[in-house]
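All remarks here apply to the structure that follows.
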Amino acid sequence: MSTLLEKHIIELLQERNEKAISLLYEHYGDTLYGVALKVVRDEELAQDVLQESFVKIWKKSDSYDATKAKLFTWLFRITRNSAIDKLRSLSTKSDKEIQMDVSDVYNLGIDSIRPEFMDVKENLEKIELKYHVVLDALFFQGMTQQEASDELDIPLGTIKSRLKIGLRELKKIYEVPSMLLLPVLSIMT
């Protein structure tokens, strides 16, 4: 149920009235700053994220659909995703600054690489779509279970069940059949 203030802000956003941004900042700015700060853990970065979020909110104002999410949920997602994007861009930038010939970070021994797990995304295609969609949302899109429930319009309990079953199905793909181990076991005994 939207409050009168939320409805007013939504109307202003849809009319592209700049007063909407000042009302959003006045009523949601501190909370959204807190969301950004929790993700980036730096006050200056959080301020940048908040500003970028308000720009995105303004640009995407015509895409807001009150039937899909409450205003705060929509604002929260934009801010949280902006914060995550900011961290990723900083991480990518710092990765490029590492001197590959000086660093031995990437000199991993063969034992630390599990090639059978490097194709998880491809193997996700092998399980039923209803499990695939949930695992993709949770692990590759970075959603929480509640966000996946909201986004996919699936009850939270069903999300949890599909996660458990989907992981079990993926595990079956990666398990070595016991009959392939028989020659190894016969040598050992």
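The values are calculated or read from the model by the stated rules, or taken from the named source; none is laboratory data. This is a predicted model, so every value here is computed, not measured. All Cβ positions, glycine included, derive from the backbone under ideal geometry; neighbour counts span all protein chains shown.
Return the pairs, sorted by first residue and then second, in which the second residue is part of a loop (DSSP other than H, G, I, E, B), the first residue lies in the range 142-157 and is exposed (fewer than 14 other Cβ atoms within 10 Å of the Cβ), the beta carbons are less than 9 Å apart, and the residues are 6+ apart or on different chains. Sorted first by the residue in the range 142-157, then by its partner, the pairs are 153/68.
Among the residues of the range 14-54, write down those that are among the hydrophobic types (A, V, I, L, M, F, W, C), farther than 16 Å from residue 88 by Cα and without any contact (Cβ under 8 Å) to a residue 24 or more places away in the chain. Selection gives 23 alone.
Just to be sure before I move on: is residue 74 in contact with a Phe, Trp or Tyr (Cβ under 6 Å, 6 or more places away or on another chain) and modelled with pLDDT under 95 in the structure I sent?
On the way: in contact with a Phe, Trp or Tyr (Cβ under 6 Å, 6 or more places away or on another chain): yes; modelled with pLDDT under 95: yes.
Judged against the criteria, residue 74 is a match.
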